[in-house]
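The values are calculated or read from the model by the stated rules, or taken from the named source; none is laboratory data. The structure displayed is predicted, hence computed values, not measured ones. Here Cβ is always computed from backbone atoms with ideal geometry, including for glycine, and neighbour counts include all displayed protein chains. For the accessible areas, the whole protein counts, side chains as well, though only heavy atoms, and no ligand, DNA or RNA atoms are used. Shrake-Rupley method; radii C 1.70, N 1.55, O 1.52, S 1.80 Å.
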Amino acid sequence: MIFDTHAHYDDEQFDTDRDELLNTMAENGVGTIVNVSAAYESCERVVRMAQRYPFMYAAVGVHPDEVGSLDDEKFDGLKKLFKNDKVVAVGEIGLDYYWDNESHKLQKEWFIRQLELARELNLPINVHSREAAQDTMQVIKEYGKGLDGVIHCYSYSKEMAQEYVKMGFFIGIGGVVTFKNARRLKETAETVPLSAIVLETDCPYLAPEPYRGKRNDSSLIKYTAEKIAEMKGITYEEVVRRTEENARKLYRL
Ligand code: NI
């Protein structure tokens, strides 16, 4: 069944129908979802949600756009959430020079601290990186030695994707691969072996065609999987089965 490796079901866009929607996942072929925190406030929420739904797990971490709200005390509070056995990763963490909400120095500082936390806990990382290709690679090489995980919503070159794969990372591919103008991501999806690809929504954002611009949810991953199947010349079923195996390896489930 479909494994959504990166979703945000605590987002307010799901406030009106969250339970209803999540209760239809199994009938839509979705077997597992990892709900990922972004803001500090969402960390507790994703853990609570994972406790409520048997098919849902949580990643706990603070997104680079949100690290300005962190301090030592809050960071210690976050660490306690990892005692819950449904927390399977540290994320999403990384660098975002597109929105540039926080200084690069502060983003790097919290990225590094959260990498160190992942090492301490022996957990994979869920990496967010936008317009920060070189710095992200450099920080992971320098401070993330021995760590593995996923580069979520991958948006850089196919060569860099290969480098991440060699380092033991998975490449997270979502709805963007169905967009007409996504030439670079299509090249990556074609060249990276299926054994290194995991599927994701990043919902409520980045719905695939033909739902581009609408609210995304895990059931729409089928359009992403169909696109990858078409590009790689294999069946839809193989894409779903293999990416599910990959996701289980990634999150050690
Ligand atoms: Ni995300």
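Heavy-atom accessible surface of W99, to the nearest 10 Å², is about 150 Å², with a 1.4 Å probe and all protein chains retained. Distance between the modelled labels on N181 and R119, one decimal in nanometres: 4.0 nm (7 Å Cα→Cβ projection). Note on segment 15-80: with neighbouring protein chains present and a 1.4 Å probe, carbon and sulfur make up 43 percent of its accessible heavy-atom surface. For the chain, a Kirkwood radius taken over Cα pairs fed into Stokes-Einstein (20 °C, viscosity 1.002 mPa s) yields D = 120 µm²/s. Take the Cβ atoms of E230 and E163, set R0 to 25 Å, and the FRET efficiency comes out at 0.45. Ranking Y154, Y143, Y205 from most to least accessible surface, computed with a 1.4 Å probe over the protein chains only, gives Y205, Y143, Y154. All Cα-Cα distances of segment 134-198, cut into 10 Å bins from zero to the largest, leave 22, 55, 21, 2 percent in each bin in turn. By accessible area, using a 1.4 Å probe on protein heavy atoms only, segment 110-253 has 49% of its surface on carbon and sulfur.
Using the alpha-carbon positions of segment 140-253, Rg (one decimal) and Dmax (whole number) come out as 13.5, 41 Å.
Comparing mean-square fluctuations of G29, G61, G149 from a GNM of the chain with C-alpha springs under 10 Å, the top value falls on G29.
Both radii were evaluated on the Cα set of segment 65-108; the Rg over Rh quotient, with Rh as the Kirkwood radius, amounts to 1.03.
Each 5 Å bin from zero up to the one holding the largest Cα-Cα distance in segment 1-87 carries the following percent of pairs: 3, 15, 24, 25, 16, 10, 5, 2, 0.
Once the C-beta distance of A133 and E27 is scaled by a Förster radius of 41 Å, the resulting FRET efficiency is 0.55 to the nearest 0.05. Comparing mean-square fluctuations of D100, D76, D11 from a GNM of the chain with C-alpha springs under 10 Å, the top value falls on D76.
Here the simple spin-label model places points 7 Å from the Cα toward Cβ, and for S69 and Y98 these points are separated by 2.1 nm. Here the gap between Y205 and E237, fully extended at 0.36 nm per residue and compared with their Cα-Cα distance, gives a gain of 9.1 nm. The residues of segment 144-253 expose, per residue, 44 Å² of accessible area to a 1.4 Å probe. Stokes-Einstein diffusion of segment 183-241 at 20 °C, 1.002 mPa s viscosity, Kirkwood radius from Cα pairs, rounded to a whole number: 181 µm²/s. Under 17 Å between alpha carbons, and skipping anything fewer than 8 positions from K249 in its own chain: which aspartates and glutamates qualify? In chain and number order, the partners are D4, D85, D148, E200, E238. Placing a pseudo-label 7 Å from each Cα along the Cα-to-Cβ vector at N84 and K249 gives an inter-label distance of 2.9 nm.
Peptide packing: for 120-126, 20-26, the average count of neighbouring Cβ atoms within 10 Å per residue gives the ranking 120-126, 20-26, highest mean first.
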